[in-house]
Amino acid sequence: MPVLGLLLAFAQADGDVEIGFALLREPELLVEIAVAATGAASGETVFLLSENWGGVQGGGTDLAPIGISGRDGRELELETPAPHRWRVRHDPGERLALRYRIPANDHQASGDPGVFRRPILNESLFHTVGYLALFLPEHFDGELERTVRFRWRGFEDAGWKTACSFGLPQEGALETATTLDRVRHALYAAGRLRLQQREVRGSPLLVSLSGDEWGFEDADFLALAASIVEAERAFFQDFERPFYWISLIPAGPELPPESANMSGTGLSNCFSLALHPNAVLEGAGGMSMAELLAHEMFHDWNGITIRLEEPEELGYWFSEGFTNFYARRLLLRAGLTGLRRYADSASDALRSYLTSPVRDAPNERIREQFWSDPQVQKLPYLRGDVVAMLVDHAIRTASSGTQSLDDVMRELLAEARRDGRRAGTEALLGKFAERAGAEAMERIRRIVVDGAMAQVPDDLFAPCLALERVTAHAFDLGFDLERSMQEKTVHGLRAGSSAEAAGLQEGQELLTWSVYHGDTGKEAQFTIREDGKQRTIAYLPRGAAFEVPRFVPRAGVSDCSQL
Ligand SMILES: [Zn+2]
């Protein structure tokens, strides 16, 4: 019981929680976790972690119970009615210490977020969110601040560095006053990490990197991250952050370097990023690293401090869409992106929204199908981004340019800090109406709630960006790529599609494929084999045509402060 022994050395109060991690070889690699807390007054305590989180299903199935002890170390009987829900009967209010282990696994090798977001343990990395690794007592109020003590043992001896959302442990220990909700929403990592520290206006910024094949230097990543952190804190005038950590790990197989296969998650005091092992900073297809970081770190305010009402899916238009809008805006203001890129990014968002096959879905459908329909999942990001453009424009118009959406965002932050108020659609619309007027907000409500199509005014970004109308196409490969990839044979080819026109035929043997998903301006390429001969077929993956607005920088305009 090495970890338990460690925990009992603490002096505890009833509400305190102790969490210990031990890296062991018995002889196979494993991490043993111990959680100590006072049991319920009823004499029955449930220890719980998340059954589903961030696309991961079956929380707890990676963990194996060891046992649970009570007063003076007496062993109690642990029941495990479900993998994520364990139970023990004990004397009322007895101090309990639960022990379990995470065996080594291959989760990091998978490119599927549903796998690599599970607890990772291998010869160079331990990496997990609290949700999926920490069994915490159900009867403890998750929002109540309490003392939480962490211990790490065996990591330093193995040459591993450790970090967590609450700071860098000193001599394997860290004590913090926090809530169990934040402990769950936290990242815990150890391994052959390269730790880099920087101050952003006096507050520590930690960047941890693992992986040796990145297409960039650690220092360049740190510099980019620090610039974005500074720009976003400056926006909210929020520099008093005791600690912030950006964790970057490789996950999944190597891909073409510029592939935009990224997964980022904003957590307590932390941003957790997983990229394919040879990623570069400037992704040619899709989002650049700067855009990804700016989006994800903005969630520190919009999403974590300004929290959404339940059910959260109904508020994703705000937490995700407005975050897209601000990532673009703040990168421009910080000089990390240019005017052309800004205009292209805003145009892309608008086009993707207008050509979305689920564009007119009401908000309620986002709640119902966010996790099951990939098109519905994208919708709140796109719709909310466009809505942010419209709300910003409406406020600027109504206030003759003296106010903007920025003022609302700062006010929402102040309110969330003051009384913990959660953001919901009605309250947000009411807040916009205070500045933009009731009529403008009725139009916004119809877009957000009913799924009405957004109408874009010609002067949306005037005078800086002009608005042109151009023809755009829905993204359409013209056949069923997923099934075709699985079976290495072309399936589901549609008559009249661009695929058919380019020479793709049902039943052809499919050898390789290269597709920029969602990008109708880049050729999709397929290698097929016919009569023993290989042939490459390339075409623009375009379906139905639409007329959509596009923004272009206007020559000779120097004041772009409205962007
Ligand atoms: Zn997001």
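Checking T425, T471 one by one, the residue that is within 24 Å of S356 (Cβ to Cβ), of a type in the set (S, T, Y) and in the same structural domain as R383 (by TED's automatic domain parsing) is T425 and no other. Residues in region 339-356 that are out of contact with any strand residue (DSSP E or B) (no Cβ under 7 Å at 6 or more places or on another chain) and farther than 17 Å from A327 by Cβ: S356 alone. Across region 450-465, the qualifying residues are those that are buried (at least 18 other Cβ atoms within 10 Å of the Cβ) and touching a Lys or Arg at 6+ places or on another chain (Cβ under 8 Å), and the one among them that is farthest from P357 (Cα to Cα) is C464. The residues of region 175-192 that are in contact (Cβ under 8 Å) with a residue 60 or more places away in the chain and not in a strand (DSSP E or B), listed by number, are L180, R182, V183, R184, H185, A186, R192. All of E411, E426, E434 fail the test of being of a type in the set (D, E), more than 24 Å from A361 (Cβ to Cβ) and under 26 Å from the mean Cα position of the chain (by Cα), apart from E411. When G496, G532, G507, G518 are checked against the criterion of being open to solvent by less than 90 Å² (accessible area, probe 1.4 Å), under 23 Å from G338 (Cα atoms) and not assigned by TED's automatic domain parsing to the domain that holds L382, a single residue qualifies: G518. Just to confirm my filter: which strands (runs of 3 or more DSSP E) fall fully inside region 115-165 and include at least 3 residues that are in contact with an Asp or Glu (Cβ under 7 Å, 6 or more places away or on another chain) and either open to solvent by less than 50 Å² (accessible area, probe 1.4 Å) or at pLDDT below 95 (or both)? Answer list for region 115-165: 146-153. Here A274 does not fit the description of being assigned to a loop (DSSP other than H, G, I, E, B), under 24 Å from V129 (Cβ atoms), out of contact with any Cys (no Cβ under 6 Å at 6 or more places or on another chain) and assigned by TED's automatic domain parsing to the domain that holds S227. Do the conditions hold for I102, that is, is it under 30 Å from P277 (Cβ atoms), in contact (Cβ under 8 Å) with a residue 60 or more places away in the chain, open to solvent by less than 10 Å² (accessible area, probe 1.4 Å) and in contact with a Leu (Cβ under 8 Å, 6 or more places away or on another chain)? Judged against the criteria, I102 is a match.
Is it the case that region 308-326 has a residue that's more than 13 Å from E232 (Cβ to Cβ), assigned to a loop (DSSP other than H, G, I, E, B), within 16 Å of the ligand (Cβ to nearest atom) and open to solvent by less than 10 Å² (accessible area, probe 1.4 Å)? No, that holds for no residue. Against the conditions (1) open to solvent by 30 Å² or more (accessible area, probe 1.4 Å); (2) within 15 Å of the ligand (Cβ to nearest atom), E282 satisfies every one except (2).
Of all residues assigned to region 229-238, none qualifies as being among the small types (G, A, S), open to solvent by less than 30 Å² (accessible area, probe 1.4 Å), under 26 Å from Y131 (Cβ atoms) and more than 16 Å from the ligand (Cβ to nearest atom).
The values are calculated or read from the model by the stated rules, or taken from the named source; none is laboratory data. No experiment lies behind these values; they were computed from the predicted model shown. All Cβ positions, glycine included, derive from the backbone under ideal geometry; neighbour counts span all protein chains shown. Surface areas here come from the heavy atoms of the whole protein model, side chains and all, with no ligands, DNA or RNA. Shrake-Rupley method; radii C 1.70, N 1.55, O 1.52, S 1.80 Å.
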